[in-house]
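> Before I ask anything, let me first share the structure, which is written out below as structure tokens.
The values are calculated or read from the model by the stated rules, or taken from the named source; none is laboratory data. Since we're looking at a predicted model, the values are computed, not measured. Here Cβ is always computed from backbone atoms with ideal geometry, including for glycine, and neighbour counts include all displayed protein chains. All accessible areas refer to the heavy atoms of the entire protein, side chains included, with ligands and DNA or RNA removed. Shrake-Rupley method; radii C 1.70, N 1.55, O 1.52, S 1.80 Å.
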Amino acid sequence: MAIGWRAVKATKKRRDIKMKTKVVTAISALLLCTAVATAQQAAPMYEGHRDQLDTNDNGSVNRTEYQTFMSDAFKKLDTDGDGSLRAADVGQILTPDQFAAMDRDSNGSVNQPEFMNQVMADFAKADRSGDGQLQ
């Protein structure tokens, strides 16, 4: 029995929404963890977050794993594919002040280099030992 195109389309849409929700949740948690780590200089990465990023399963997240995840996250958040995020795209993840801090050229959008510069600076601040690993 053939599945109708509407059923296939609805299934794909549910899968896309589920994936976007996971990405938004993971990014929110990561940004919160790195912000807390920056503020407290001692916040550990939670196991569930680490498991999502630790692609080599060594129990920590290295700079490359984090950078790859965040680069992919940017692409998923950039729903219109124009290479930039607007406050509406990340309103569930970032406060207006966080968005403004990331928007280095103050043009009302965050391009991928601005996004990556910020998240990698957050990684460096969260890497208390300086070994390129988040525990």
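> Can you tell me which condition Thr64 does not meet? The list is (1) among the β-branched types (Val, Ile, Thr); (2) modelled with pLDDT under 85; (3) in a helix (DSSP H, G or I), and all the others hold.
(2)
> Let me ask something else about it. Restricting to segment 49-91, count the residues that are under 18 Å from Asp103 (Cα atoms), over 13 Å from the mean Cα position of the chain (by Cα) and open to solvent by less than 30 Å² (accessible area, probe 1.4 Å).
Matching residues across segment 49-91 total 1.
> Between a residue in segment 89-116 that is closer than 17 Å to Thr79 by Cβ and any residue that is open to solvent by 50 Å² or more (accessible area, probe 1.4 Å) and in a loop (DSSP other than H, G, I, E, B), which pairs come within a Cβ distance under 8 Å, given they are 6 or more apart or on different chains?
Qualifying pairs under 8 Å: Asp89/Thr79; Leu94/Ala87; Phe99/Ala87; Gly108/Ala87.
> Is one or more of the residues making up segment 14-21 in contact with a Lys or Arg (Cβ under 6 Å, 6 or more places away or on another chain) and at pLDDT below 80?
There is no residue in segment 14-21 that is in contact with a Lys or Arg (Cβ under 6 Å, 6 or more places away or on another chain) and at pLDDT below 80.
> Can I ask one more? Is it the case, given these coordinates, that Ser84 is of a type in the set (S, T, N, Q) and at pLDDT 90 or above?
Considered against the rule, which asks whether it is of a type in the set (S, T, N, Q) and at pLDDT 90 or above, Ser84 comes out as yes.
> A follow-up question, please. For segment 117-135, which positions are farther than 24 Å from Asp103 by Cβ, in contact (Cβ under 8 Å) with a residue 24 or more places away in the chain and open to solvent by 40 Å² or more (accessible area, probe 1.4 Å)?
Matches in segment 117-135: Arg128, Gln133, Gln135.
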